[in-house]
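Notes follow once the structure below has been shown.
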Amino acid sequence: MPAAVLVGAQWGDEGKGKATDLLGGDVDYVVRYQGGNNAGHTVVIGDQKYALHLLPTGILSPEVVPVIGNGVVIDPGVLLSEIDGLAARGISAERLLISSNAHLIMPHHKALDKVTERYLGKARIGTTGRGIGPAYGDKIARMGVRVQDLLDPGILAKKIEVALTEKNQVLTKVYNRRGIEPAAVLEEYLAYAERLKPHIADTSLVLSKALDEGKFVLLEGGQGTLLDIDHGTYPFVTSSSPTAGGACAGAGIPPNRLTKIIGILKAYTTRVGSGPFPTELTDEMGEWLRQTGGEYGVTTGRNRRCGWFDAVIARYATRINGVTDYFLTKLDVLSGLESIPVCVAYEVDGVRHDEIPMTQTDFHHAKPIYEELPGWQDDITGAKSFEDLPRNAQAYVRALEEMSGAPISAIGVGPGRDQTLVIRSLV
Ligand code: GDP
Ligand code: IMO
Ligand code: MG
């Protein structure tokens, strides 16, 4: 039976949480396959608002089994407080499964994330400071601590000892910080182990069996295509592979199980942190988008940078991910504009580029070439079907679909669970 991937098509915060939640009633498993608590996925159900960082959004659908896959980096303290926070609101995480192969974010990862950013000064990436990059760095360097190490106190002690022997040298001698005491870390993580043990599983095996039994698996991406370590705006990216190609590796299921690749696309563009952003608006229009769209980070509270829709980026996301369907979010935010500029290509040193330039140097110099699309004045937050939308809003959606190169199958007209226009079924 099928699996679907839900992937951010821009620089994150496209509305993946809402989209995942929408499909919660139709799927059996929701799996996070990469990233960590750098993510912030918002779901609004009635008058309740949930911000999820590590837990898959499926936690909010009682019939769904939420899974944290092997490709995720887990800060166990954060995970447990997220579980406790939901429990206090009557939502149980009892069903949660955590891959034994997922890596753990350790205290030195967080310390190094913060201090390396400080040392970069103006060249900083603008990370979330959650230890993501250093944790993936240790994973690739083969000195990471994994979830399964929590099950063996002897191994855990050894791994912490080995890691800190090196990292304390770096922290104290390179960055002039205080070293971290291995015994204290061991005690802290052994306490986490007690609580996490019942959730630890061979999730790749669980998911493969589920697929064989005809269950539907939804893979929920964090971040977005342009934040991908390989395909994003390197080095201003995250340290994992949010793109569809990373989904199978991060969940432990084979690529031929995937039947749908759902791209989440905001009707305009936002980005948090540093790095190129051709359609960014630094004037009052950008501020208007920020305020109207509520574009403030869920994880760090930072102002999101805002700009017009960039069709070059969308086309790129279609190609890199093999998007079969788009969920276009936040169309309602654009209501009230006379006309809406959409970037159709770039100009770099007098040359037109219809695709993302090959080098970052050129991309940094890319100037958007805009096409103006007519706006609409009516409030669309109460629309129930595509036909309810004003003609110009329909035309805007059709134009974006044409430029992006994949069908727009659902449209968000508000943050609420019921504020979605479904054109064709996503699963
Ligand atoms: P994610 O990280 O991709 O899950 O996205 P975030 O939750 O960080 O940011 C998306 C924000 O937009 C959240 O506050 C959502 O509640 C909100 N949102 C999602 N879809 C829509 C929509 O169609 N219209 C409006 N107005 N808000 C939306
Ligand atoms: P969701 O899942 C938007 C950005 C950070 C920074 C860069 C690297 O909510 O869409 P990191 O801490 O990952 O090393 O930071 O990536 N970033 C995000 N931006 N949404 C996210 O997640 C992000 N996760 C990381 O702002 O620029
Ligand atoms: Mg977010």
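Can you name the strands (runs of 3 or more DSSP E) wholly within segment 267-336 that have at least 2 residues being more than 16 Å from ligand 3 (Cβ to nearest atom)? Please lay out each step first, then the result.
Details: elements: 269-271, 305-307, 325-329.
By residue number, 325-329.
Has segment 174-196 got at least one residue that is outside any helix (DSSP H, G or I), among the β-branched types (Val, Ile, Thr) and surrounded by 20 or more Cβ atoms within 10 Å (Cβ to Cβ)? Even if it seems obvious, please write down each step before you answer.
First, pick out the residues of segment 174-196 that are outside any helix (DSSP H, G or I): 175-181.
Right, trim to among the β-branched types (Val, Ile, Thr) and you get 180.
Add one more test, that the residue is surrounded by 20 or more Cβ atoms within 10 Å (Cβ to Cβ), and what stays is none.
Among the residues of segment 174-196, not one is outside any helix (DSSP H, G or I), among the β-branched types (Val, Ile, Thr) and surrounded by 20 or more Cβ atoms within 10 Å (Cβ to Cβ), which makes the answer no.
Being away from ligand 1 (no atom under 14 Å from the Cβ) and open to solvent by less than 20 Å² (accessible area, probe 1.4 Å) is the filter here; which residues of segment 410-427 pass it?
Listed by number, the list holds a single entry, LEU426.
With GLY46, GLY40, GLY77 as the choices, which residue is in contact (Cβ under 8 Å) with a residue 40 or more places away in the chain and within 11 Å of ligand 2 (Cβ to nearest atom)?
Values: GLY46 fails: within 11 Å of ligand 2 (Cβ to nearest atom); GLY77 fails: within 11 Å of ligand 2 (Cβ to nearest atom).
After applying the criteria, what remains is GLY40.
Note down all Cβ pairs under 7 Å where the first residue falls in segment 1-21 and is within 16 Å of GLY416 (Cα to Cα), the second is open to solvent by less than 10 Å² (accessible area, probe 1.4 Å) and among the aromatic types (Phe, Trp, Tyr), and they're at least six residues apart or on different chains.
Cβ pairs passing all conditions: ALA19/PHE327.
Which one of the conditions (1) β-branched (Val, Ile, Thr); (2) in a loop (DSSP other than H, G, I, E, B); (3) closer than 25 Å to ALA345 by Cα does ILE380 fail to meet, given that it meets all the rest?
Of the numbered conditions (1) β-branched (Val, Ile, Thr); (2) in a loop (DSSP other than H, G, I, E, B); (3) closer than 25 Å to ALA345 by Cα, the odd one out for ILE380 is (3).
Going by what's in this entry, would VAL31 be described as more than 13 Å from ligand 1 (Cβ to nearest atom), within 12 Å of the chain's Cα centre (by Cα) and touching a residue at least 12 places away in the same chain (Cβ under 8 Å)?
Numbers: more than 13 Å from ligand 1 (Cβ to nearest atom): yes; within 12 Å of the chain's Cα centre (by Cα): no; touching a residue at least 12 places away in the same chain (Cβ under 8 Å): yes.
No.
Can you find, within segment 250-287, the residue that is farthest from ligand 1 (Cβ to nearest atom) among those that are of a type in the set (D, E, K, R) and farther than 24 Å from ASN37 by Cβ? Before the answer, list the steps.
We begin by selecting, within segment 250-287, every residue of a type in the set (D, E, K, R); these are 257, 260, 266, 271, 280, 283-284, 287.
Checking which are farther than 24 Å from ASN37 by Cβ leaves us with 257, 260, 280, 283-284, 287.
On the way: ARG257: 23, LYS260: 18, GLU280: 18, ASP283: 22, GLU284: 20, GLU287: 17 Å.
Here the answer is ARG257.
Could you say which residue among ARG290, ARG352, ARG319, ARG302 is surrounded by fewer than 21 Cβ atoms within 10 Å (Cβ to Cβ), within 14 Å of ligand 1 (Cβ to nearest atom), charged (D, E, K, R) and farther than 24 Å from THR420 by Cα?
Working: ARG290 fails: farther than 24 Å from THR420 by Cα; ARG352 fails: within 14 Å of ligand 1 (Cβ to nearest atom); ARG319 fails: within 14 Å of ligand 1 (Cβ to nearest atom).
Sole residue among the options that is surrounded by fewer than 21 Cβ atoms within 10 Å (Cβ to Cβ), within 14 Å of ligand 1 (Cβ to nearest atom), charged (D, E, K, R) and farther than 24 Å from THR420 by Cα: ARG302.
Report whether or not LYS209 is without any contact (Cβ under 8 Å) to a residue 40 or more places away in the chain and at negative phi.
Working: without any contact (Cβ under 8 Å) to a residue 40 or more places away in the chain: yes; at negative phi: yes.
In short, yes.
The values are calculated or read from the model by the stated rules, or taken from the named source; none is laboratory data. Because the structure is predicted, anything quoted here is derived from the model rather than measured. In this analysis, Cβ positions are derived from the backbone assuming ideal geometry, glycine residues included, and neighbour counts consider all displayed protein chains. For accessibility, only protein heavy atoms count, side chains too; no ligands or nucleic acids. Shrake-Rupley method; radii C 1.70, N 1.55, O 1.52, S 1.80 Å.
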